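Structure first, then comments.
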Amino acid sequence: MITKIIDDNTVSFLVEEADDLLVLRRIIKNQDTIISDTTRVIKQDKDYSRPDRGERIKIRIALEVEKIALDAVFDKLRIHGTITESTNETVSKGLHHSILVRIGDSFNVVKKKWHSIELKLIKTKDESFGFVLVAIDKGDCGIGKLKGTHLELMQNMYSGSSGKQFKTNFNIETFFENVSKALNTVLRDNDILIIFGPGETKRQFANFLNKNPISKNHKIETIDGIDSGGEDGIYIFIKSKAMQQILGQSKLAKVSSILEEVMIRANNKSRKFTMGFEETKKANDLGAVESLVFSEKIIQTNDEDEIIQFLNDAESKGVSVYALDASTDIGLQVSGLGGMVSLLRFAVDI
């Protein structure tokens, strides 16, 4: 998320990824003001016009927030409130309106006072780069973009190398060129390329990229031990030890490490972990939580305002908080454990 402090009361936001929407949900409160471009239907008042049909126009409004909610899968944020200012005279003050915030949208948030936890959330520096995962074999290639804890997959690409065609007409460099073009659509500045898959095709492709301008702006890592190409290879890598080693201090690697430690403590019958919202809330009230991971399920199955208040309270106590969605097996695993797990600084009876 790109932020810019305009003045003591106003901050400008540009949403870059799904995690940003969750941060905004934790920041924006009732009676805050949102200044944003939006659209609204204006009823026509012309002869012969249908009374039930209006014209949708673009306007810029100031909206006093009355209700805010996340979409069920964390990819949209709906803000409902009352219009206090408008650039179109036909849209009067006092009308109710909803703004749907998506990735790529920008707007300003105006508060009477910014609280310390809110400033901490907007000043937290997320990874300024992503990891582009390439699971390649002679027959197919899977491409995934990992940013934060969200994985976005492209459609599998196929080389056409099977059967007799491989013996006569198949040219692997043509396949590499097509994969390279696909990579250009997802790579951003400073992104790191991680290439894996069975056999030597991964190294051949890395050598191909090193002769290509694509490699000048991006670090390329080639790893062994992932013996599948395509989409299956991407998912195997996400669950592997190699992921934690290669991705190092990335959010997903940290979350994977936390979840692994929770499982170890559970097997050892330790009391220094929690599963589910109620257990974690009680531990947080005692100041015992060190780090916590939650999935979209926790918001879908509990009161959203209560969960948001809890997350802010935990973070204000120094807890490391990580969000997951269903794009990875790790997110699905946390959902299966009640939607929230945590590691504790000390054992507690809950």
So how strong a dipole does the stretch 160-318 carry about its Cα centre when Lys and Arg Cβ are +1 and Asp and Glu Cβ are -1, to the nearest 20 debye? 760
Cβ-defined net charge surrounding SER12, 12 Å radius [Lys, Arg +1; Asp, Glu -1]: -1
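Please give the peptides 240-247, 294-301 ranked by average Cβ packing (other Cβ atoms within 10 Å per residue), highest first, as a rough proxy for protection.
Descending packing order for the listed peptides: 294-301, 240-247.
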Ratio of the stretch 211-258's C-alpha Rg to 2.2 N^0.38 Å, to two decimals? 1.32
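Which of the peptides 314-321, 1-8, 181-188 is most tightly packed, and how do the rest follow, going by the mean number of other Cβ atoms within 10 Å of each residue? Don't skip to the end; give the middle numbers.
Values: 314-321: 16.4, 1-8: 11.6, 181-188: 14.1.
Taking the mean over residues of other Cβ atoms within 10 Å, the ranking is 314-321, 181-188, 1-8.
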Debye equation applied to the C-alpha atoms of the stretch 268-321, log10 I(q)/I(0) at 0.19, 0.20 Å⁻¹: -0.62, -0.69
If packing is taken as the average count of other Cβ atoms within 10 Å, what order do 107-119, 130-142 fall into, highest mean first? 130-142, 107-119
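Starting from the exponent 0.38 and prefactor 2.2 Å, build the expected Rg for the stretch 209-304 from its residue count and divide its actual Cα Rg by it.
1.48
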When the convex hull of the Cα atoms of the stretch 90-150 is projected onto a plane and the area is averaged over all directions, what value comes out in nm²? 8.4
Tell me, what HN-Hα J-couplings in whole Hz come from the Karplus equation 6.51 cos²θ - 1.76 cosθ + 1.60 at θ = phi - 60° for each residue of the stretch 314-319, using x for Gly and Pro? 4, 5, 5, 8, x, 6
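Return the subset of LYS239/LYS297; LYS138/LYS219; LYS4/LYS272; LYS297/LYS317; LYS112/LYS145 for which the Cα-Cα distance in this structure is over 28 Å, preserving the input order.
LYS4/LYS272; LYS112/LYS145
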Taking the Cα centre as origin and putting +1 on Lys and Arg beta-carbons and -1 on Asp and Glu beta-carbons, what dipole magnitude results for the chain, to the nearest 20 debye? 400
Project the alpha carbons of the stretch 170-222 onto their principal axes and report the range along each, largest first, in whole Å. 32, 19, 17
If the label point is 7 Å along Cα→Cβ of ASP305, which residues in the stretch 66-86 have backbone nitrogen under 20 Å from it? 66-72, 77-83
Projected onto the charge dipole of the chain (+1 at Lys/Arg Cβ, -1 at Asp/Glu Cβ, origin at the Cα centre), which of ILE5, ILE61, ILE194 gives the Cα projection farthest towards the positive end? ILE194
Dividing the alpha-carbon radius of gyration of the chain by 2.2 N^0.38 Å, where N counts its residues, gives 1.18
Give, in whole angstrom and from largest to smallest, the semi-axes √(5λ) of the equivalent ellipsoid of the stretch 286-350, with λ running over the eigenvalues of the Cα gyration tensor. 20, 14, 11
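Every number in this text was worked out from the coordinates using simple rules, so none of it is lab data. These numbers come from a predicted model, not from an experiment. Cβ: placed from backbone, ideal geometry, glycine included. Neighbour counts: every protein chain shown.
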